[in-house]
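> A single structure is presented below for examination.
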Amino acid sequence: MNQVAILETVKSFFQREHGHFINGLSHPGKGALRQVVNPATAQQVAHVHDGCVEDVEAAMTAAQQAFTGSWAATSALARGNLLLKLADAMERHREELAQIETLCSGKTIVLSRGLEVDQAVAFLRYFAGWAGKICGETTDISIPAAQGEKLRGYTLREPLGVVVGIIPWNFSILISIWKMAAALVCGCTVVLKPSEYTPLTMLRVAQLATEVGFPAGAINVVNGDGRLLGPMLIEHPFCAKVTFTGSVPTGRGVGNSASALAKPVTLELGGKNAALFLDDMTVEEMVNGIIEAGYLNQGQVCASAERFYLPSGKLDEVLEKLSQRLAQFRVASPLDEACQIGPLANKAHLDKVLGMVNQAREEGDEIVYGGCSPDQPGYYFLPTVVKVRSENSMMMREETFGPVGSFLAYDDEEKALAMVNNSPFGLAASVWTHNLHKAMRYSERMQAGIVWINMHTLLDPALPFGGIKGSGNGREFGSAFINDYTRLKSVMMRY
Ligand code: NDP
């Protein structure tokens with residue numbers, strides 16, 4: 001076991017009084033104190049004050065003043081440079097940020113370093129590269145001009161204003177950075193509302209941003225209960241756009257509230273992602289692919305696969321070998337660098353996952369492996385393999401957001417593809433085969449915002465990401481994000 005020693009800076013950070021980050025300053029606020037609980041021990045590690053209407057007002061006002069003032073006066077290239085400086089600062093504070101994340105979310109320290117921090121840094125640098133390249137275009141004008149006159153048209157890409165970013169608990173830094181960096185490079189300012197379970201990481205990132213030179217008010221963080229703060233933030237007159245990642249029901253409500261006020265909204269809602277394995281893959285390749293697709297971060301990844309379609313002749317052997325591999329996974333403290341299975345992020349989530357697996361068992365699905373918590377403190381749940389009765393099993397339709405793969409055999413690839421697409425959701429999907437002809441054709445026919453071939457879950461800043469159908473709207477990353485954080489203004493001139 002290689003248990004990481006908690007840094008002194010992390011210990012003292014947890015002992016401080018926390019609340020919000022508003023207008024360039026840490027601001028504890030006066031709201032009720034909420035416990036921050038380490039999911040690996042079920043013990044409290046810190047406290048944070050809930051936000052109230054005054055905190056929302058202060059954050060939105062600071063963001064609006066920066067939007068029209070200091071941030072508007074910061075040139076595009078200077079904005080990019082600040083994002084690069086923040087990336088450097090986060091790299092310098094990599095271990096500190098990773099430890100704060102692990103102690104609040106239960107993510108293994110290896111993933112906190114490599115996914116939360118390193119990927120956040122990579123995305124910051126990607127978005128910084130857009131600075132100075134977000135622009136409109138000139139166009140010829142065809143309407144008649146008077147003798148001796150000419151007409152010219154052009155478009156401007158204008159930042160929307162204050163962006164409210166509502167963040168889930170599964171990647172408290174990375175998802176915040178996706179939204180924050182995209183907004184900032186476009187010239188918007190942000191007010192972030194982290195999950196009540198992971199309220200601390202972005203407070204530290206916002207401090208670092210101020211230290212490297214971001215003007216006060218460009219980045220604000222308000223903590224507290226989303227059911228109270230969400231509507232206040234969305235309905236605030238200074239809120240020009242909402243970007244949300246989280247559950248389907250909450251996301252629908254957020255979408256309805258924003259749309260009712262004609263505010264643009266980006267929704268990233270997960271769903272029930274599918275992975276289709278074709279018969280030419282070996283059993284070992286299928287097992288490796290399933291582990292990659294379904295069990296990263298205990299399945300708490302919105303793009304993870306939860307529905308697996310396997311050829312009937314191989315299903316039982318794959319499930320047997322998969323169960324053997326999962327049984328060898330090291331369930332341990334997430335601060336242990338060899339840990340492969342850490343806890344789920346919070347007690348409510350553990351109860352939800354356990355309840356769904358128990359319901360599946362009662363309804364007649366077979367729990368081939370796992371299906372329960374190991375005998376140890378904390379919110380652990382064993383990686384679980386469910387062989388479902390049919391496509392209509394609850395496990396093939398509802399997201400567990402946990403380490404639970406549900407498996408169904410098929411005999412006919414066309415029917416399997418139809419089952420993949422028979423879902424109200426469409427965030428992500430994958431097809432696994434050595435047959436290039438089929439890989440290309442099936443990937444084109446899969447109904448999802450992102451389709452992987454012989455891989456799953458990995459995201460790249462250059463490739464747009466977002467769902468179709470019930471999994472949301474809008475696109476993050478690539479160049480597609482520009483549409484979500486700017487609006488076009490048309491200018492026509494006579495000369
Ligand atoms: P939610 O969708 O409830 O929460 C996501 C964010 O929205 C949090 O910051 C939350 O704040 C906030 N929020 C809650 N209610 C409102 C509201 N009425 N208006 C505006 N914002 C609101 O997800 P949970 O964190 O509760 O997780 C529940 C389930 O969601 C999980 O079990 C999982 O299935 C799914 N999920 C999906 C994710 C994805 O990436 N697709 C990510 C995380 C969860 P607060 O924390 O204070 O409630």
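> Rounded to the nearest 500, what is the chain's calculated 222 nm mean residue ellipticity when only DSSP H runs of at least 4 contribute -39500 (n - 2.57) each, over all residues?
Calculated at 222 nm, the ellipticity per residue is -11000 deg cm²/dmol.
> Taking Cα pairs under 8 Å and at least six residues apart, what relative contact order does the range 174-310 come out at, in percent?
Worked out over the range 174-310, it gives 17 percent.
> Moving to a separate point now. Summarise the accessible area of the chain (1.4 Å probe, protein heavy atoms) by the percent that is carbon and sulfur.
53
> Here's a follow-up. Please compute, over every Cα-Cα pair in the chain, the percentage with a separation greater than 29 angstrom.
51
> Tell me, how many Å apart are the Cα centres for the range 363-393 and for the range 449-484?
29
> Whole number in Å², please: accessible area per residue of the range 259-396, 1.4 Å probe, ligands, DNA and RNA not counted.
36
> Shifting gears a bit: Please provide three numbers in whole Å: the alpha-carbon extents of the range 5-149 along the principal axes, with the largest listed first.
Principal-axis extents of the range 5-149 (Cα, largest first): 80, 37, 22 Å.
> If you don't mind, there's one more thing I want to ask. Which entries of Lys272/Lys438; Lys133/Lys489; Lys314/Lys387 have Cα-Cα distances beyond 21 Å here?
Going by Cα-Cα distance, Lys272/Lys438 fall outside the 21 Å limit.
> So, one more: Only Cα pairs under 8 Å and at least 6 apart count here; give the relative contact order of the range 227-285 as a rounded whole percent.
With pairs under 8 Å counted, the relative contact order is 33 percent.
> Quick one: putting +1 on the C-beta of Lys and Arg, -1 on the C-beta of Asp and Glu, what dipole do you get for the chain around its Cα centre, in Debye to the nearest 20?
1460
> Compute the distance from the alpha-carbon center of the range 235-286 to that of the range 149-228, in whole Å.
18
> Turning to a different aspect of this structure: Under 5 Å between amide hydrogens, which residues at least 5 positions from Ile468 or on another chain qualify, with H placed 1.01 Å from N in the peptide plane?
Gly426, Leu427, Gly449
> If you don't mind, another one. If the only charges are +1 at each Lys and Arg Cβ and -1 at each Asp and Glu Cβ, what is the size of the charge dipole of the range 273-460 around the Cα centre, to the nearest 20 debye?
280
> If you don't mind, another one. Considering only protein heavy atoms, what per residue accessible area in square angstrom results for the range 93-144 with a 1.4 angstrom probe?
38
> Could you tell me the ratio Rg/Rh of the range 273-460? Both radii from Cα atoms, Rh via Kirkwood.
Answer for the range 273-460: 0.95.
> On to the next question. Can you give the net charge of the other residues whose Cβ lies under 13 Å from the Cβ of Leu229, counting K and R as +1 and D and E as -1?
-4
The values are calculated or read from the model by the stated rules, or taken from the named source; none is laboratory data. These numbers were taken from a predicted model, which means no experiment stands behind them. Virtual Cβ from ideal backbone geometry, glycine too; neighbours counted across all protein chains shown. Ligands, DNA and RNA are excluded from the accessible area calculation, which covers all protein heavy atoms including side chains. Shrake-Rupley method; radii C 1.70, N 1.55, O 1.52, S 1.80 Å.
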